[in-house]
1. Select, from Arg212, Arg191, the only residue that is within 27 Å of Asp131 (Cα to Cα) and over 20 Å from the mean Cα position of the chain (by Cα).
2. Within the group Arg369, Arg389, Arg354, which residue is farther than 30 Å from Glu208 by Cβ and without any contact (Cβ under 8 Å) to a residue 40 or more places away in the chain?
3. Across the stretch 45-88, what is the total count of residues that are closer than 25 Å to Asp131 by Cβ, in contact (Cβ under 8 Å) with a residue 60 or more places away in the chain and either touching a helix residue (DSSP H, G or I) at 6+ places or on another chain (Cβ under 8 Å) or not in a loop (DSSP other than H, G, I, E, B) (or both)?
4. Might you check whether a residue that is closer than 22 Å to Arg387 by Cα, modelled with pLDDT of 95 or more and assigned to a strand (DSSP E or B) occurs anywhere in the stretch 14-31?
5. Is it the case, given these coordinates, that Met313 is assigned to a loop (DSSP other than H, G, I, E, B) and modelled with pLDDT of 95 or more?
6. Within the stretch 12-45, track down each residue that is more than 14 Å from Glu400 (Cβ to Cβ) and open to solvent by 10 Å² or more (accessible area, probe 1.4 Å).
7. Hey, does the stretch 206-216 have a residue that's free of Cβ contacts under 8 Å to residues at least 40 places away in the same chain, surrounded by fewer than 19 Cβ atoms within 10 Å (Cβ to Cβ), at negative phi and touching a helix residue (DSSP H, G or I) at 6+ places or on another chain (Cβ under 7 Å)?
8. Taking only the stretch 123-153 into account, find how many residues are closer than 17 Å to Val242 by Cβ and assigned to a strand (DSSP E or B).
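The values are calculated or read from the model by the stated rules, or taken from the named source; none is laboratory data. No experiment lies behind these values; they were computed from the predicted model shown. Neighbour counts run over all protein chains shown; Cβ positions are idealised from the backbone, glycine included. Surface areas here come from the heavy atoms of the whole protein model, side chains and all, with no ligands, DNA or RNA. Shrake-Rupley method; radii C 1.70, N 1.55, O 1.52, S 1.80 Å.
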Amino acid sequence: AIPCAGLALAPGFIDTHTHDDRAVLDDPAMRCKISQGVTTVVVGNCGISLAPLALAAAPPPPLNLLGGRAAFAFPRFADYAAGLAAARPAVNVAALVGHGSLRVGALADITRPASEVERAVMRARLAASLDQGAIGFSTGLYYPINAPADADEVADLAGLLPAHDGVYATHMRDEIVGVLASLEESFATARRARVPVVISHHKCAQPENWGRSVETLPVIERASATQEVGLDAYPYHAGSTVLDPRHVRPDVRVRLTWSEPYPELAGRELAAIAADWNLPLAAAAERLLPAGAIYFQMDEADVRRILAFPLTMIGSDGLPHDAHPHPRLWGTFARVLGHYSRDLGLFPLAEAVRKMTSLPAARFRLAGRGLLREAYHADLVLFDPARVRDRATYDQPRQEAEGIARVMVNGALAWPEREAGARAGILLRRGG
């Protein structure tokens, strides 16, 4: 018997936006997620996926967020699915196919739109991946490996999704001054392809753009009246990705998460590194490459407004291979439950849980999950609403959440690991 007095029982949390593609293979215990009550992760976001792609050279950014050349060893999605089955991760995995990975695998020159022949290669690989268990397609149009693709190229690929009941997720071209135009492009592309669209990690980035969620959210709401639209967000005012010298500026703090030539500097502020080297910020960033960084680029009022929006799901966007990761990797779900729901009263506990369970299960077509219902899969989390809180910080990011009592995945007790630690996660295919 498990003592449950004073505790809340909920469906297992679904992390709608992750880059756990390799983590579920290399670190199948997945403590960073299972310790928060996460039972399912959606991988392959932002146009970045391990499959279908095999590389003979170092991956270009941002593919290197998933690892080096050796990580990209899955020429077919079926190979990745087999690797997942062999690893037996503690969490379920629902996988998107990344547009950036398709482009890098099919184009000799990724600085231009794909030719018709190259599109055909990408279509064939995407179609095969959908047949082999992928649930959708993602783009990272902000990134150099994706940015040259026009809307026709994206719609051409996304047009394969309806036959597979697949989902299209997009890291838009612009989350700064062009955020409204990027939203409209995303909605138009999804309409052309006749697919549901998820706006990844919605934000209004950079100080000149702060406050514009009062404009973006009504646009999203209007679009949702005529097409299926979703979005996800993480509960922090800083984001994290590859370090890009073009995007460092004196009015936005930047903290290094990893650097290939200077690994000992992970966790330090870019401004302090630049001062030590007596270099401008951009020049210091250039010297650190390849590298990753945390950007303190959002306004807290926008973060709260977006989190509270009824269509918003919760996604960590954590980067598990960073040497000094953003705390969202370990803290996202407990932070929503504790800080934003209980402490700030941004929304009731039941609404917080809906954003992590039934809403994403419906959006990503994960049948039999996301609700406490007879005949549903037993993905469950037992937690203390009064105690649950995130402990991960920017200084100490690898801290387990408090207040998560038990987690079950497919009926097996997965947390706390010291008592059971069953690894019962599976690849979730369309409708399952």
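1. Only one candidate qualifies: Arg191.
2. Arg354
3. Counting residues in the stretch 45-88 that are closer than 25 Å to Asp131 by Cβ, in contact (Cβ under 8 Å) with a residue 60 or more places away in the chain and either touching a helix residue (DSSP H, G or I) at 6+ places or on another chain (Cβ under 8 Å) or not in a loop (DSSP other than H, G, I, E, B) (or both) gives 13.
4. Our first condition is that a residue be closer than 22 Å to Arg387 by Cα; within the stretch 14-31, this holds for 14-15, 31.
Next, only the ones that are modelled with pLDDT of 95 or more stay: 14-15, 31.
Next cut, assigned to a strand (DSSP E or B) only: 14-15.
Yes: the stretch 14-31 contains one or more residues that are closer than 22 Å to Arg387 by Cα, modelled with pLDDT of 95 or more and assigned to a strand (DSSP E or B).
5. Details: assigned to a loop (DSSP other than H, G, I, E, B): no; modelled with pLDDT of 95 or more: yes.
No, not satisfied.
6. Arg22, Leu25, Asp26, Asp27, Pro28
7. The answer is yes; a qualifying residue exists.
8. Result for the stretch 123-153: 3.
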